[in-house]
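Everything on this sheet refers to the single structure shown next.
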Amino acid sequence: MAENIRMDSHKLLYHPCEVARWLSGEQIYPVEMEIGISGGCNHRCIFCAVDYMEYKPRFLDKDVLVRNLEILGQKGLKSIIYAGEGEPMCHPKAPEIINITKENGIDAAMSTNGALFTEVKIKDCLKSLTWVRYSIAGATDETYERIHQCRKGDLQRVLANMEAAVKNKRDNNLNTTLGAQLLLLPENKDEVIMLGKMMKEIGFDYYTVKPFSQHPSSKARLNVDYTESEEIGKELKQYETENFKIYFRSQAIENLQHEKTYDECPGLNFMAYMDSAGEVFPCIVYMGQDEYVYGNIYETDFDKIWESERADRIRNTFKGEFIKCNCRKTCRLDEINKYLYELKHPGGHVNFI
């Protein structure tokens, strides 16, 4: 499992055919998409990157999405992460959408706060999920509620739902990977180890700790000092076993101190983001900004949107000073962009393998 996750790296190297086609200048389709099926959320986390979207109670229409899932499956899309600007389990038809995604030959995964991913919903769709990553920012009710800005008792609900997921996985011999992610903040740094122990006891497959990265449009403005974070990572690592992996994202923390080593974003050819209004964007950083909308699936099917001149022009905007000044550090495409940039700009000794 550890080798497959590659938490601080990327997995584009497992898709050499798509990479080769891109290098030759062919039109390719995304390998991965992130889709926000819900604009609403039951939490108001103090670190939320998309708080500026104001958690609108809108839901992506199931039938419109399903029509496009069929198109995307035929075009070769490999995976969809259901996450986005809201909590996916707020969508009344979320389990059905996840199951239909898998039926169309597309791997499905989900990021969730877990409070609404109840035993009933787990039984309904866990079998169709390759992985589920729970966002959990505290090990005690007080810390959790302060950071998540949620209902009292939600941490206990989440923990009970986690246990139900582990049981369902074991009872049905599923391969679904269950993980927990903590965003390291001053408010929860003293509970990182405690939460890691809890996740191990529950029976999760992994626990990851990542740094805060400022979203350019977010109302949340947090100043976090990670100079002493390595000690936490070292202490946490002792709880790792063959069946429970620890990913303390030290590389991502280090990357916060460095400028980008590439001057374009070719990774945008391999992934896309869709919000709960059906609008398709290059990535979540530019969500809500009309000038970066490729198109809307309520008006045009995805294949026509993706191959449009507008989409191509927007992707070509992400070059030079633009990405250095406007994009966030340690974005999801950072490692992919380093890889693709090196392929396009090899050194003089590459033939000496």
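The values are calculated or read from the model by the stated rules, or taken from the named source; none is laboratory data. This one's a predicted model, so the numbers in the text were calculated from it and none came from an experiment. Ideal geometry is used to build each Cβ from the backbone, glycine not excepted, and the neighbour counts take in all protein chains shown. These accessible areas exclude ligands, DNA and RNA; they are computed on the full protein's heavy atoms, side chains included. Shrake-Rupley method; radii C 1.70, N 1.55, O 1.52, S 1.80 Å.
One table, with the values for the structure above:
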| item | result |
| --- | --- |
| Cys41 accessible area, assembled protein chains, probe 1.4 Å, Å² | 30 Å² |
| Rounded FRET efficiency, nearest 0.05, which uses the C-beta distance separating Asn99 from Cys17 and R0 of 25 Å | 0.35 |
| Where Tyr29, Tyr134 fall by accessible area, highest first, once all protein chains stay in place (1.4 Å) | Tyr29, Tyr134 |
| Positive-end residue of Ala20, Leu159, Tyr247, charge dipole of the chain with Cβ unit charges | Leu159 |
| For region 1-74 and region 255-318, distance of Cα centres in Å | 11 Å |
| Exceeding the 26 Å Cα-Cα cut-off - candidates Lys11/Lys237; Lys121/Lys304; Lys75/Lys169; Lys62/Lys304; Lys127/Lys304; Lys127/Lys234 | Lys121/Lys304; Lys75/Lys169; Lys127/Lys304; Lys127/Lys234 |
| Dipole magnitude (debye, nearest 20) for region 160-262, charges at Cβ of Lys, Arg, Asp, Glu | 400 debye |
| Test item: Cα-centred dipole of the chain, Lys/Arg +1 and Asp/Glu -1 on Cβ, debye | 340 debye |
| Signed unit charges on C-beta, dipole axis of the chain, positive-most listed residue Val120, Met271, Pro211 | Val120 |
| Area of Glu119 that stays accessible when all protein chains are in place (1.4 Å probe, Å², to 10) | 100 Å² |
| Helical contribution to [θ] at 222 nm, DSSP H n ≥ 4, -39,500 (n - 2.57), averaged over the chain, rounded to 500 | -10000 deg cm²/dmol |
| Accessible heavy-atom area order of Ile80, Ile232, highest first, probe of 1.4 Å | Ile232, Ile80 |
| Whole-angstrom gap from region 76-152 to region 192-224, using each part's C-alpha centre | 16 Å |
| Highest-MSF residue in the chain out of Asn172, Asn326, Asn104 [GNM, Cα springs under 10 Å] | Asn172 |
| Whole-Å semi-axes of the ellipsoid equivalent to the chain (Cα gyration tensor, √5λ, descending) | 30, 25, 21 |
| Arg332 - accessible surface, heavy atoms, 1.4 Å probe, Å² rounded to 10 | 120 Å² |
